[in-house]
Amino acid sequence: MGGRVKIALLLAPALLVIGVLFAGGLIAAVVQSLGYLPAIGQTELNFDAYRDVLTGEDFLNSFLLTVYVAGASTGISTVLAVLAALALRRSSGRLSAIVFQLPITIPHLVAAVGIALVVSQTGLGVRFAAALGLIEEPAEFPALLYDRYSVGIIITYVWKEVPFIALVVLASLRGVAGELEDVARTLGANAWQRFWYVVFPVISPGIIAASLIVFAFTFGAFEVPYLLGKTYPTILPVMAYNEYRDIELSARPVAMAINVLIALITAVFAALYLRLAKDLRRG
């Protein structure tokens, strides 16, 4: 018991700062989203901003785009991560560290700039394709930035999130899953049977948990869509930022309402992750 108290006291200053900043910002966002802006004479609470947001076509388009980008990024990252973990599970720890851990240390903002330098129509990808004779001029290279399908954003997220999910899967493959697979192999199970009936049930909870984290993060992320996304419709965090920058303070409740909705959706996925983590500990 004394050890827990000591740990709590050591963490208290950092948790206090984080709690005040997070809780204070969230409370301020909720209050302003309800129309309380004394600076411009608005002191009555109302749900006008939420009504305007939820009934507006712009919000619906941005919401669908955000779900699409987050879902596509999470789905592609999950599949590639599982395949990469299966391919490297018997490799040395040093190789896994280079392949998986190095991209994690790179900030998303830096990753977005790097991807832009590679896949833009004036980037390294165009020059490489031209050198191979695949294209004759830059205009023939597909537009992967600021495009309709947000390919540049998805590529950036996939490059960043595959290592994270792969490390989770790799830890399971090198643990109980590896031992059970060896037993199944001695009993005559083929590769597909070992994976589907033995390995996958063991690693699937970790895959789901990591995927929930990735989806929640990409749903609420701002910097990559802001740099690489098209101007309309925009990802929800970018939409909220644009509303916040409006010269008219009367647009501030709309911006805060969007932020509150993003926080609520992210909180739902965080709750699902915590519930899953609790079930895993219990199991």
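Some values worked out for this structure:
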item: Sole residue being within 13 Å of the chain's Cα centre (by Cα), within 30 Å of residue 118 (Cβ to Cβ) and among the β-branched types (Val, Ile, Thr), chosen from 231, 266; result: 266
item: Helices (runs of 4 or more DSSP H) wholly inside the range 131-199 that include at least 2 residues being of a type in the set (Asp, Glu); result: 176-186
item: Any chance residue 227 is among the aliphatic types (A, V, I, L, M), farther than 25 Å from residue 150 by Cα and not assigned by TED's automatic domain parsing to the domain that holds residue 26; result: no
item: Test: residue in the range 100-108 that is closer than 19 Å to residue 147 by Cα, modelled with pLDDT under 80 and among the polar types (S, T, N, Q); result: no
item: Per-region count, the range 245-262, residues loosely packed, with under 15 Cβ neighbours inside 10 Å and not β-branched (Val, Ile, Thr); result: 5
item: Those residues of the range 102-161 which are buried (at least 18 other Cβ atoms within 10 Å of the Cβ) and among the basic types (Lys, Arg), in sequence order; result: 160
item: Condition check for residue 29: touching a residue at least 12 places away in the same chain (Cβ under 8 Å), small (Gly, Ala, Ser) and under 21 Å from residue 144 (Cβ atoms); result: no
item: Leading residue by the ranking (nearest to the chain's Cα centre (by Cα)) among those in the range 32-51 that are over 18 Å from residue 265 (Cα atoms) and part of a helix (DSSP H, G or I); result: 32
item: Which listed residue is modelled with pLDDT under 90, in a helix (DSSP H, G or I) and either basic (Lys, Arg) or out of contact with any strand residue (DSSP E or B) (no Cβ under 8 Å at 6 or more places or on another chain) (or both), from 26, 54; result: 26
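The values are calculated or read from the model by the stated rules, or taken from the named source; none is laboratory data. Predicted model only: the values in this text are computed from it and were never measured. Every residue, glycine as well, gets a Cβ built from its backbone with ideal geometry; the counts of neighbours run over all protein chains shown.
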